[in-house]
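The values are calculated or read from the model by the stated rules, or taken from the named source; none is laboratory data. A quick note: this is a predicted structure, and the numbers were derived from the prediction, not measured. In this analysis, Cβ positions are derived from the backbone assuming ideal geometry, glycine residues included, and neighbour counts consider all displayed protein chains.
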Amino acid sequence: MRARFILAVVLAAACVAVAGEPPVLVVVAPPAVVKVGDRVPVRVTARGGEELLWGELQVSSGAEQSWAMVDGPREVAGARPPAWELVLAPMAIGDIPLPEITASVRSPGGEARQIAVADRPAVQVASVLPEGDDVQPAPLHDPLGVSGFPWEWVLPAMVPALALAAALTWWGRRRKRFGKGTSAPPPAPFDELESMLVKLEKRVGREPAEGVCDRLAVGLRHYLERRCGEPAEEMTSFELRLLTRKLGWPDSIQRGVQSVMGTADRVRFGRFPTGEEELRRAIATARDTGVAVEEHLRPDQEESAIEEAAG
């Protein structure tokens, strides 16, 4: 009975001693020698103050900037008393004490205070340079020290490079295509029509009539569009006759346009056989129509030139 009483007294005294132990932070760091830039895992454990409420852990690098925070601090889940883990990287050499680490605690009465690590252990940090005078720096054990070709930048750099190459190719082809047209002014409308008609006369009898009529209709439409400024190239034969009537051109021009386009449409769409003489007559009619248009528009052009000179 007496032994049980003594045991109870001892246990009660131990509980009181533990409950009355002041709260402290204990830091555990690896004792091995590390190099500048290495990752150093650190574990901080709270001791005492079981009735207190612990807050977040805070790490101060200090004025020396001897340590850099790499990861954390993270509270260890389920640890009682609470514990935290963090990863630091030394930025200097020698025996460097760990940075100042504090945590906030709150008593049941609501009073908060800061608890700091009383005994900060020092970590021995060596240089990344091997011993000797004329040496090259050794690579860090970290992605920052990895050397080589930056392959991750190849794809982003190819996008603007391909766009620039495509733009230069397009510009070069456009310049090559339109280089001759921009170097000299285009010929006069009637001169262009006459040149086309001369080429067609040489092809009569050597090419199918449909091909000759196609070029004849296209050339006459192009000539009329240049002379009157209307979209004649997109008009049908009937619309061309209405256009010449709307412009008030002489009947000879209207009949000439109707004759040439009628022959071309009959051969192209009606598939009527035609001889070389009929094709040559259509070409000659197109030439006479162009001459009539030039003579009809020449007085207007002369009046415009006189007005411009007077103004």
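Evaluating Glu277 against the criteria (1) exposed (fewer than 15 other Cβ atoms within 10 Å of the Cβ); (2) touching a Gly at 6+ places or on another chain (Cβ under 8 Å); (3) not small (Gly, Ala, Ser) leaves one unmet condition, (2). Just so you know, in region 56-91 the residues that are small (Gly, Ala, Ser) and under 40 Å from the mean Cα position of the chain (by Cα) include one that is surrounded by the fewest Cβ atoms within 10 Å (Cβ to Cβ), and it is Ala68.
Kindly indicate which of Gly78, Gly109, Gly37 is assigned to a loop (DSSP other than H, G, I, E, B) and touching a Leu at 6+ places or on another chain (Cβ under 7 Å). Lay out the reasoning, then the answer.
Working: Gly78 fails: touching a Leu at 6+ places or on another chain (Cβ under 7 Å); Gly109 fails: touching a Leu at 6+ places or on another chain (Cβ under 7 Å).
Just a single option satisfies the conditions, and that option is Gly37.
Got a number for residues in region 189-233 being on the phi < 0 side of the Ramachandran plot and not in a helix (DSSP H, G or I)? Show your work before the answer.
First, the residues of region 189-233 that are on the phi < 0 side of the Ramachandran plot: 189-204, 206-228, 230-233.
Adding the requirement that they be not in a helix (DSSP H, G or I) leaves 204, 206-208, 230-231.
Summing the residues that are on the phi < 0 side of the Ramachandran plot and not in a helix (DSSP H, G or I) in region 189-233 gives 6.
Exactly one residue out of Gly248, Gly262, Gly256, Gly229 is in the same structural domain as Glu194 (by TED's automatic domain parsing), closer than 27 Å to Arg203 by Cα and out of contact with any helix residue (DSSP H, G or I) (no Cβ under 6 Å at 6 or more places or on another chain): that is Gly262.
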